[in-house]
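Below is one structure, written out as structure tokens; the observations come after it.
The values are calculated or read from the model by the stated rules, or taken from the named source; none is laboratory data. As the structure is a computational prediction, the values presented were derived from the model and not from experiment. Glycine gets a Cβ as well: all are built from the backbone with ideal geometry, and neighbour counts include every protein chain shown.
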Amino acid sequence: QPPGSVNAQIRITEQGEVISSKYSDPEIGRRNLEILVAATMEATLLHPHGDDSSMPEYHRIMEAMSLDAFAAYRKLVYETPGFTEFFFAATPIREIAELNIGSRPSSRKATDRIEDLRAIPWVFSWGLNRTLLPGWFGFGSAAKQFIAREGHAGLKQLQAMNQQWAFFRGLLSNMDMVLSKTDLGIASRYAELVPDEALRERVFGAIEAEWQTTLDMLFKITGARSLLQSNPTLARSLTTRTPYIDPLNHLQVSLLHRHRNGDDDEKVKRAIHLTINGIAAGLRNSG
């Protein structure tokens, strides 16, 4: 947590879908509570070390990069012709709405506008098709533009920010985790559900290009050569879980194709529901 934001106490909200995995087993539950208490004590008792004189410059860099990332994100979502059609075809968003998953409707209004979607179904949909787009799209373009403007010195600045600023390091760590859960091979199978081939190639091509740019920039800044290089425990966990998640994705694509082509069998709908639950449980933070 940012220095000064925790004063011996913290209030958090646990996602409903992770409560059973964190607290159903007494030993695991105690371990999670131990981590929470230790982190709260550390943030309260230990003072951050380092020179704060660079913070204003770091904030300026982050502000500039956030504007570039925002522009790249909006260019894809709001300025790419046919993006809405792509989204509704290449993700299970309609099926999520049909199955009444969650306490509120997926959309604020009965429209197909992206603006009317609630945040959780939006993120959840991209997680289920293994793109996890909201967690990384735009960073690569922003970092690349910053380095293009500032030259090699710009890259050195970003590397220094990663080493000296816990906030930026945490941002990159979270993005590293999200990227490790993406699978564009599986995502391309969901993209095949888009009837318009030209639209599919245009939008998915833009997503693939930004993913590669983001990966390249992440490695340049952190010095890593592979995803989760700094977190081998999580890497092992994902290696164990992925063989169970991937088949569910392939099964879900097949079921979505059947359902959308007129198969109203309740068993198909039930199976879609089960794959949604299974993928979400495997990814753990999909929405």
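Here are the numbers for the structure shown:
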{"read-out": "Those residues of segment 5-23 which are surrounded by 10 or more Cβ atoms within 10 Å (Cβ to Cβ), assigned to a loop (DSSP other than H, G, I, E, B) and modelled with pLDDT under 75, in sequence order", "value": "15"}
{"read-out": "Hey, residue 169 without any contact (Cβ under 8 Å) to a residue 60 or more places away in the chain, assigned to a helix (DSSP H, G or I) and farther than 21 Å from residue 145 by Cα or not", "value": "no"}
{"read-out": "Filter result (of a type in the set (A, V, I, L, M, F, W, C) and either at pLDDT 95 or above or under 17 Å from residue 80 (Cβ atoms) (or both)) within segment 124-146", "value": "126, 128, 132, 133, 136, 137, 139, 142, 143, 146"}
{"read-out": "Restricting segment 229-268 to residues that are crowded, with 17+ Cβ neighbours inside 10 Å and more than 30 Å from residue 169 (Cα to Cα), the residue that is nearest to the chain's Cα centre (by Cα)", "value": "249"}
{"read-out": "Subset of segment 24-38 (residues that are under 20 Å from residue 10 (Cα atoms) and either out of contact with any helix residue (DSSP H, G or I) (no Cβ under 7 Å at 6 or more places or on another chain) or among the aromatic types (Phe, Trp, Tyr) (or both))", "value": "30, 31, 33, 34, 35, 36, 37, 38"}
{"read-out": "Residue under evaluation residue 226, criteria (1) of a type outside the set (Phe, Trp, Tyr); (2) in the same structural domain as residue 92 (by TED's automatic domain parsing); (3) in a helix (DSSP H, G or I); (4) exposed (fewer than 13 other Cβ atoms within 10 Å of the Cβ), criterion not met", "value": "(3)"}
{"read-out": "Top-ranked residue in segment 209-223 [being surrounded by fewer than 16 Cβ atoms within 10 Å (Cβ to Cβ) and either assigned to a helix (DSSP H, G or I) or among the polar types (S, T, N, Q) (or both); ranked as farthest from the chain's Cα centre (by Cα)]", "value": "220"}
{"read-out": "Pairs, first free of Cβ contacts under 8 Å to residues at least 24 places away in the same chain in segment 187-199, second surrounded by 20 or more Cβ atoms within 10 Å (Cβ to Cβ), C-beta under 7 Å, six or more apart", "value": "188/204"}
